[in-house]
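The values are calculated or read from the model by the stated rules, or taken from the named source; none is laboratory data. These numbers come from a predicted model, not from an experiment. Cβ sites come from the backbone with ideal geometry, for glycine too, and all protein chains shown count toward neighbours. For accessibility, only protein heavy atoms count, side chains too; no ligands or nucleic acids. Shrake-Rupley method; radii C 1.70, N 1.55, O 1.52, S 1.80 Å.
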Amino acid sequence: MRRRATILLITSLAALAGCGNSSGEPDTIRVTVTQTVTAQPSSKPAAAPDDGIYKMGDKATINDTESNIRFTAQVVEYQQPYKGPQPQKPSDFQGGDTWATASIKVCNEEGETFSVDQSVWSLEYADGTSVESTGLSGGDMPKPEYPMDKAVKAGRCAAGLIAYPVDGSKRPERVVYSPEGLDSLEWVISEAD
């Protein structure tokens with residue numbers, strides 16, 4: 001935002017010259033101050049929240065100075081149930097009766113090459129439980145799949161869907177990104193997602 005303050009001084013020539021009025025008192029000087037606030041579009045992204053919680057679609061910028069990496073992470077969309085071609089139902093051992101997906105994008109802005117993986121992304125519920133991704137499991141999973149152990153060079157991105165076997169009767173509160181050695185980041189899942 002750009003602030004522009006305009007100060008308008010209204011005074012008489014007599015006051016400027018140091019003259020008084022007929023009663024011998026100095027003339028009163030009136031000052032009017034107005035402030036105009038003009039919103040300007042910014043080319044810079046909005047600052048990241050201090051608590052590491054983002055809205056769906058927000059980009060988080062991570063500066064890992066120890067590893068000489070600056071990258072962004074983003075949960076683009078969450079779907080439950082998954083609205084695309086359906087893979088076979090999750091197995092009992094996976095713990096869900098329907099599929100949900102998170103569309104993820106991670107970009108290496110600058111620095112060393114690093115590896116991305118689905119295992120650092122999970123869903124968390126209000127009761128404290130969490131659901132891990134199924135990992136890559138063949139041609140029946142939602143496409144395009146987010147990669148496993150893919151090297152991402154500076155200036156490149158990795159993107160795709162991560163599938164989760166979930167209980168169709170309840171929704172998670174957030175998608176959580178917990179890469180080793182860094183603080184966790186969270187994207188809130190609204191009822192509309």
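Please determine whether any residue of region 108-120 is modelled with pLDDT under 90 and either assigned to a helix (DSSP H, G or I) or open to solvent by 60 Å² or more (accessible area, probe 1.4 Å) (or both).
no
Please verify whether V131 is under 18 Å from D64 (Cα atoms), in contact (Cβ under 8 Å) with a residue 12 or more places away in the chain and among the aliphatic types (A, V, I, L, M), treating the condition exactly as stated.
Considered against the rule, which asks whether it is under 18 Å from D64 (Cα atoms), in contact (Cβ under 8 Å) with a residue 12 or more places away in the chain and among the aliphatic types (A, V, I, L, M), V131 comes out as no.
Out of all the residues in region 54-107, which are at pLDDT 95 or above and hydroxyl-bearing (S, T, Y)?
Passing the criteria: Y54, T61, T72, Y78, S103.
I'd like the full set of residues that are aliphatic (A, V, I, L, M), closer than 16 Å to T98 by Cα and at pLDDT below 90, limited to region 126-165.
Correct list: M141 only.
Could you count how many residues in region 178-193 are in contact with a strand residue (DSSP E or B) (Cβ under 6 Å, 6 or more places away or on another chain) and open to solvent by 20 Å² or more (accessible area, probe 1.4 Å)?
Of the residues in that region, 5 qualify.
If you check every pair at least six apart or on different chains, which have Cβ atoms under 6 Å apart with a residue in region 167-185 that is within 16 Å of Y125 (Cα to Cα) first and a residue that is surrounded by 12 or more Cβ atoms within 10 Å (Cβ to Cβ) and modelled with pLDDT under 90 second?
Here the result reads D167/G96; G168/D97; G168/T98; L185/G52, each pair linking region 167-185 to a residue that is surrounded by 12 or more Cβ atoms within 10 Å (Cβ to Cβ) and modelled with pLDDT under 90.
May I ask you to list the residues in region 151-177 that are farther than 17 Å from M56 by Cβ, open to solvent by 60 Å² or more (accessible area, probe 1.4 Å) and assigned to a loop (DSSP other than H, G, I, E, B)?
K153, G155, R156, S169, K170 - these are the residues of region 151-177 that are farther than 17 Å from M56 by Cβ, open to solvent by 60 Å² or more (accessible area, probe 1.4 Å) and assigned to a loop (DSSP other than H, G, I, E, B).
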